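Everything below concerns the one structure shown next.
The values are calculated or read from the model by the stated rules, or taken from the named source; none is laboratory data. Remember, it's a predicted structure, so these values are computed and weren't measured experimentally. So basically every Cβ, Gly included, is an ideal-geometry build from the backbone, and we count neighbours across all protein chains shown. Ligands, DNA and RNA are stripped out before the accessible areas are found, and what is left, the full protein with its side chains, is counted by its heavy atoms. Shrake-Rupley method; radii C 1.70, N 1.55, O 1.52, S 1.80 Å.
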Amino acid sequence: MYSFHYKINSQTSPDFPEVPVFFYFLRLLPSLLLAFSLFASAEAANTSVKTLAVGKSYTISGYTEVTVSKTTVAKAKEKSDGSYKITALKKGRATLRLYDENGKLSEKVYLLVTNANSFQYDTTAVSLMAGETKTVTATVQTGCTVKYTSSNKSVARVSSAGKIRAIQSGTTTITAKVYYKDALVKKLKKKVTVTTDVASSTLKTLLSTALEPVGSTMYIWGGGWNEADTGAGTEAVSVGVSAQWKTFFEQQTSSYDYRTTRYQIANELDCSGYIGWCIYNILNTTDGNEGYVMKASQMAGNFAARGWGTYRSASSVTDYRAGDIMSSSGHVWMVVGQCEDGSVVLLHSSPPGVRMCGTPTASGSTSSQAIQLATTYMKTYYPEWYNKYPSCSVGTSYLTDYAQMRWDTSGISIMTDPDGYLDMSAAEILEDLFSGN
């Protein structure tokens, strides 16, 4: 190897003219690269990966010596013809080193010895309803990694942790690919069939479900979230309305101030807790599954990304239809329907609580059809609430500041519209929803 001993001053080296050290380095660079190459080649060896079941063996020939790093995992025995028989002894990992006739390391083989328990994955076919999730994780031998893939991502997707998310009706195959030292050693496959529950996943069912907490559920900051404030809490992943919500409502007066009840999360719902609860209750029949509570600003985009519908930014929203999920940085709400004057009837959880409201017209008129409808229905069907909290209107920002997710009702995703709500006005939808009351 070379050493550098140059004086950086006015003196001139006897071998080099007085030039910057950089040029000395350039002159020596080819020799340095050659020396490094020769040094590296002395240690370099081809590498490969071999998987072998316990008790199995294979033969390596063309080498004068073969060594095993862990003789408890595998052994190498030279045969009469000069080849080596490699036998797997027990589950584990070992490195085989193969030497040529000059005694030089020529190749390394990373050996993975497996048994019946090395790779476990439930390959039983599974059926999911669009919108549901199921986590199926492969258990693999130490030193291996797993990558999950879906053959049809429009039907179902799978995360790096093995969580399968059903998107729309159809079939797909989830494959757990097992790697050792970046080499593919095993493929484990699971068939997934996705269906749509037309009976429960309709726009009418969604709005009927969303009406269940109306007029008896207060607004609480953090209501519906978990203690860590990272997602859905117990109440938002429960089927049906919590009895606690009604009890808490009945204890309140017209002067209720949500700022004094922050994070009493089991008592009521905030805006995203409410929408998350609604979605959970049309997709689940049992408690405790994955929830849908997240930041209000994320909901429209997140639901659209699941394949449930079409996303529009706030500046692209032109109209409102039944079930639309409307998101902004500070609030989220659900559309009941649009009126002839352009105003919108909506459901949301906003202080003081879960209720029906109407927007003004686009020009700002508070004599809108939506506000009149919301007032009439709240007064008629939720009189106890209305007597305490008669306000049924929201501001014009509801028509300008919210992104939108409109449900795909074609039948291939989680939502359908057999009742024709997408073509109805707010008045027609409300009449149909309350016709049995």
- Simple Cβ-charge dipole of the chain, Lys/Arg +1 and Asp/Glu -1, about Cα centre, in debye nearest 20: 2760
- To the nearest 0.05, what FRET efficiency results for THR234 and THR64 with a Förster distance of 51 Å applied to their C-beta separation? 0.15
- Query: For the chain, what is the accessible area per residue in Å², given a 1.4 Å probe and the full set of protein chains?
  - Reply: 49
- Note on the structure: For LYS75, the aspartates and glutamates lying under 20 Å Cα to Cα, once residues fewer than eight places off in the same chain are dropped, come out as GLU65, ASP100, GLU107
- Between LYS90 and SER363, how many nm apart are label points set 7 Å from Cα along the C-beta direction? 8.7
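Tell me which GluC sites (Glu not before Pro) from the range 184-271 have a DSSP coil assignment and no more than 14 other beta carbons within 10 Å of their own. Display every interim value, and only then the final one.
Numbers: sites: GLU227, GLU235, GLU250, GLU268; in loops: GLU227, GLU268.
Passing sites in the range 184-271 are GLU227.
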- Task: Quick one: net charge around GLU428, please, counting Lys, Arg +1 and Asp, Glu -1 for every other residue with C-beta under 14 Å from its C-beta.
- Result: -4
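Applying 1/(1 + (r/R0)^6) with R0 = 51 Å to the Cβ-Cβ distance of THR47 and THR247, what FRET efficiency is obtained, to the nearest 0.05? Don't skip to the end; give the middle numbers.
Working: r = 67 Å, r/R0 = 1.32.
Efficiency at R0 = 51 Å is approximately 0.15.
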- Item | Phi to ³J(HN,Hα) by Karplus 6.51 cos²θ - 1.76 cosθ + 1.60 over the range 389-398, Hz, x for Gly, Pro | 9, x, 5, 10, 10, 10, x, 5, 4, 5
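In whole percent, how big is the carbon plus sulfur part of the accessible area of the chain, probe 1.4 Å, protein atoms only? Before the final figure, lay out each step's value.
Details: 10210 of 21310 Å².
That fraction is 48 percent.
How would the range 287-437 be classified by its alpha-carbon gyration tensor: rounded, prolate or oblate, with rounded meaning a/c under 1.5 and the a/b versus b/c comparison settling the rest?
On the way: a/c = 1.41, a/b = 1.35, b/c = 1.04.
Rounded is the answer for the range 287-437, as its axis ratio a/c remains below 1.5.
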- Note on the structure: Here the net charge surrounding VAL344, from other residues whose Cβ is less than 15 Å away from its Cβ (Lys, Arg +1; Asp, Glu -1), is -2
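Multiply the residue gap between ASN117 and THR173 by 0.36 nm, knock off their C-alpha separation, and tell me the result in nm, one decimal place.
Values: separation 56, 0.36 × 56 = 20.16 nm, distance 2.28 nm.
17.9 nm is the gain from fully extending ASN117 to THR173.
Determine the shape class of the chain: with a ≥ b ≥ c the square roots of the Cα gyration tensor eigenvalues, call it rounded for a/c under 1.5, and otherwise prolate if a/b is greater than b/c, oblate otherwise.
Details: a/c = 3.37, a/b = 2.08, b/c = 1.62.
Prolate shape, in that a/c is at least 1.5 and a/b is the bigger ratio.
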- Message: Taking 18 Å as the cut-off for C-alpha to C-alpha distance, list the pairs among LYS147/LYS191; LYS79/LYS181; LYS134/LYS187; LYS50/LYS90; LYS91/LYS191 that go past it.
- Response: LYS79/LYS181; LYS134/LYS187; LYS91/LYS191
- Between LYS181 and SER57, Cβ-based FRET efficiency (R0 22 Å, step 0.05) works out to 0.60
- Note on the structure: Non-local residues with an amide H under 5 Å from the amide H of GLY337, with H modelled 1.01 Å from N and Pro and chain starts lacking one, are VAL345
- Which value in deg cm²/dmol, rounded to the nearest 500, describes the helix-derived mean residue ellipticity at 222 nm for the chain, given -39,500 (n - 2.57) per DSSP H run of n ≥ 4 and division by the residue count? -6500 deg cm²/dmol
- Task: Once you have a ≥ b ≥ c as the square roots of the Cα gyration tensor eigenvalues for the range 224-374, tell me rounded if a/c is under 1.5, and otherwise prolate or oblate according to whether a/b is larger than b/c.
- Result: oblate
